[in-house]
Amino acid sequence: MRDILQKDGELQETVQLVGKDALPERERLTLEIGTMVKQFYLQQNAFHPVDQYSSPEKTYHILETILDWADEAYDVLEDGAVVEDIISLSSKNQISQMATSEDFLEVKEEIKNQMNEEFEELR
């Protein structure tokens, strides 16, 4: 995770100079994954009754799901998928629901199934 955030910070500087579209696809995917880590894992909603207090177990599972998504995303990118198709997958945004769900393990399982289907379609 630290490597992703560090690379994201470096890429953000480049994006400010040349724009996101000038980056290679792998680096654009890294930017997207960095955003996922910041929004889905590091950011909590203090006003949401479930999200305001997340257990270490829950935060672990959120991060694990993000990293699993990232691994699959890099794999299909190397197999020839287009980065726009990868970042538009609905499973990416579904990960954010884990933070606000009391039954996050069930949500995680649903997301994993959806991820498997979506990434398989991109292969």
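What the table below lists for this structure:
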quantity	calculated
Filtered residues of the range 17-50 (kept if buried (at least 17 other Cβ atoms within 10 Å of the Cβ) and modelled with pLDDT under 85)	none
Among residues of the range 56-96, those that are more than 12 Å from the chain's Cα centre (by Cα) and surrounded by fewer than 15 Cβ atoms within 10 Å (Cβ to Cβ), counted	10
Search result, residues across the range 105-123 that are within 16 Å of the chain's Cα centre (by Cα) and farther than 23 Å from R26 by Cβ	V107, K108, E109, E110, I111, K112, N113, Q114
Within the range 2-103, helices (runs of 4 or more DSSP H) holding 2 or more residues that are under 14 Å from M115 (Cβ atoms)	25-36, 56-78, 83-87, 90-94, 97-100
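The values are calculated or read from the model by the stated rules, or taken from the named source; none is laboratory data. What you see is a predicted model; the values in this text were computed from it and never measured. Reconstructed Cβ throughout: ideal geometry from the backbone, glycine too, with neighbour counts over all protein chains shown.
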